[in-house]
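Trainee: This is the structure I have questions about; it appears just below.
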Ligand SMILES: O=C(O)CCC(=O)CC(=O)O
């Protein structure tokens, strides 16, 4: 396990392969998860790319940090981690809130971003009312009280079978996140509107979404793709909000095709 102190926050991360030798992909997680969600994609890409994984503040083994925190704070954490690792020009792959962080990182530190993979995310996610209701529910009754509703948005019914042990495991992952970290991330998402930032993105970008995503549905992700000049848009079938878990083979194929289509010498392995 690797830990770094970034902006006085202990950040848990992992680096696979040598960034000096290969193009780098950085994976950033969704709300209520940690970097283990990327495993089935990482094992498929590890021979071709150097890979950086980390737990966002308030998630996994990273500290919660000072409260309140914003998406910009998360982007500053990621910039600090990449500076520490001497990584520049990385492909940033962000899932949901991770995609907001990726957009904010591009806005603040374009030198760190060679391309964007925006996965089940948008320029703006949810409404203030929906986030405030979620925060109130968690404050009153804990994360456990919202698990069933969240899982309906994260995974299709085919994945949510009681005999699927992975499903039980991801319920555990959600309920075991630090409650203050979860609430802080909900508030940060609530307060983020990257409509204008998305319009400025000028690196190769792909927006990907599961056809049954209940958190950031296909229409919303398409509207984000339309804001970004030249962005591609791909839908993964039989998949909800977390394609790296539910359809890792399909997600990896899309990532690989996207990266190999970018002019040689830029990101192709
Ligand atoms: O997944 C995220 O990072 C935010 C979007 C969301 O609301 C997901 C969920 O339903 O928990």
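Trainee: Can you pull out the residues in region 2-53 that are part of a loop (DSSP other than H, G, I, E, B) and more than 26 Å from residue 70 (Cα to Cα)? Full working, then the answer.
Mentor: If we filter region 2-53 for residues that are part of a loop (DSSP other than H, G, I, E, B), which is where we start, we get 7-8, 17-23, 29-34, 46-49.
17, 18, 19, 20, 21, 22, 23, 46, 47, 48, 49, listed by residue number.
Trainee: Scan region 188-211 for residues that are over 22 Å from residue 258 (Cα atoms) and assigned to a loop (DSSP other than H, G, I, E, B) and jot them down.
Mentor: Across region 188-211, the qualifying residues are 191, 192, 193, 194.
Trainee: Does residue 100 satisfy the condition of being within 12 Å of the ligand (Cβ to nearest atom) and either within 16 Å of residue 30 (Cβ to Cβ) or not in a strand (DSSP E or B) (or both)? Break it down into steps so the answer makes sense when it comes.
Mentor: Working: within 12 Å of the ligand (Cβ to nearest atom): yes; either within 16 Å of residue 30 (Cβ to Cβ) or not in a strand (DSSP E or B) (or both): yes.
Yes; evaluated as a whole, the condition is true for this residue.
Trainee: Yes or no: residue 161 within 19 Å of the chain's Cα centre (by Cα), surrounded by fewer than 16 Cβ atoms within 10 Å (Cβ to Cβ) and at pLDDT 95 or above?
Mentor: Numbers: within 19 Å of the chain's Cα centre (by Cα): no; surrounded by fewer than 16 Cβ atoms within 10 Å (Cβ to Cβ): yes; at pLDDT 95 or above: yes.
Spelling it out, it is not the case that residue 161 is within 19 Å of the chain's Cα centre (by Cα), surrounded by fewer than 16 Cβ atoms within 10 Å (Cβ to Cβ) and at pLDDT 95 or above.
Trainee: Which of the residues belonging to region 133-147 are under 20 Å from residue 30 (Cβ atoms), more than 21 Å from the chain's Cα centre (by Cα) and in a helix (DSSP H, G or I)? Give the derivation first.
Mentor: To start, the set of residues in region 133-147 that are under 20 Å from residue 30 (Cβ atoms) comprises 133-135, 137-138, 142-147.
Adding the requirement that they be more than 21 Å from the chain's Cα centre (by Cα) leaves 133, 137-138, 142, 144-145.
Those that are under 20 Å from residue 30 (Cβ atoms), more than 21 Å from the chain's Cα centre (by Cα) and in a helix (DSSP H, G or I): 133, 137, 138, 144, 145.
Trainee: Scan region 179-187 and give yes if some residue there is more than 18 Å from the chain's Cα centre (by Cα) and either more than 14 Å from the ligand (Cβ to nearest atom) or in a helix (DSSP H, G or I) (or both), otherwise no. Steps first, please.
Mentor: Step one: list which residues in region 179-187 are more than 18 Å from the chain's Cα centre (by Cα), which gives 179-180.
Adding the requirement that they be either more than 14 Å from the ligand (Cβ to nearest atom) or in a helix (DSSP H, G or I) (or both) leaves 179-180.
Within region 179-187, one or more residues are more than 18 Å from the chain's Cα centre (by Cα) and either more than 14 Å from the ligand (Cβ to nearest atom) or in a helix (DSSP H, G or I) (or both).
Trainee: Among (1) over 22 Å from residue 248 (Cβ atoms); (2) touching a helix residue (DSSP H, G or I) at 6+ places or on another chain (Cβ under 6 Å), which single condition is residue 193 missing?
Mentor: (2)
Trainee: In region 214-251, what residues are more than 13 Å from the ligand (Cβ to nearest atom), in a loop (DSSP other than H, G, I, E, B) and surrounded by 17 or more Cβ atoms within 10 Å (Cβ to Cβ)?
Mentor: 228, 231, 239, 247
Trainee: Now for a separate question. Which of the numbered conditions does residue 170 fail, given that it passes all the others? Conditions: (1) farther than 15 Å from residue 32 by Cα; (2) in contact (Cβ under 8 Å) with a residue 60 or more places away in the chain.
Mentor: (1)
Trainee: Does residue 207 fit the bill of being within 11 Å of the ligand (Cβ to nearest atom), under 15 Å from the mean Cα position of the chain (by Cα), surrounded by 18 or more Cβ atoms within 10 Å (Cβ to Cβ) and modelled with pLDDT of 95 or more?
Mentor: Numbers: within 11 Å of the ligand (Cβ to nearest atom): no; under 15 Å from the mean Cα position of the chain (by Cα): yes; surrounded by 18 or more Cβ atoms within 10 Å (Cβ to Cβ): yes; modelled with pLDDT of 95 or more: yes.
Here the answer is no, as residue 207 does not meet what is asked.
Trainee: Follow-up. Residues 121, 127, 76: which one is away from the ligand (no atom under 16 Å from the Cβ) and modelled with pLDDT of 95 or more? Break it down into steps so the answer makes sense when it comes.
Mentor: Working: 121 fails: away from the ligand (no atom under 16 Å from the Cβ); 127 fails: away from the ligand (no atom under 16 Å from the Cβ).
When all the criteria are applied, what remains is 76.
Trainee: Next question, about the same structure. Of all residues in region 149-168, which are assigned to a helix (DSSP H, G or I), away from the ligand (no atom under 11 Å from the Cβ) and touching a helix residue (DSSP H, G or I) at 6+ places or on another chain (Cβ under 9 Å)? Write out each step before concluding.
Mentor: Keep residues of region 149-168 that are assigned to a helix (DSSP H, G or I), which gives 149-154, 165-168.
If we keep only those that are away from the ligand (no atom under 11 Å from the Cβ) as well, we get 165-168.
Selection gives 166, 167.
Trainee: Going by what's in this entry, would residue 181 be described as surrounded by fewer than 17 Cβ atoms within 10 Å (Cβ to Cβ) and closer than 19 Å to residue 59 by Cα? Can you show your working first?
Mentor: Details: surrounded by fewer than 17 Cβ atoms within 10 Å (Cβ to Cβ): no; closer than 19 Å to residue 59 by Cα: yes.
It is false that residue 181 is surrounded by fewer than 17 Cβ atoms within 10 Å (Cβ to Cβ) and closer than 19 Å to residue 59 by Cα.
Trainee: Could you please find all residues in region 103-118 being in a helix (DSSP H, G or I) and either within 10 Å of the ligand (Cβ to nearest atom) or touching a helix residue (DSSP H, G or I) at 6+ places or on another chain (Cβ under 8 Å) (or both)?
Mentor: 103, 104, 105, 106, 107, 108, 112
The values are calculated or read from the model by the stated rules, or taken from the named source; none is laboratory data. Since this is a predicted model, take the numbers as computed values, not measurements. Cβ sites come from the backbone with ideal geometry, for glycine too, and all protein chains shown count toward neighbours.
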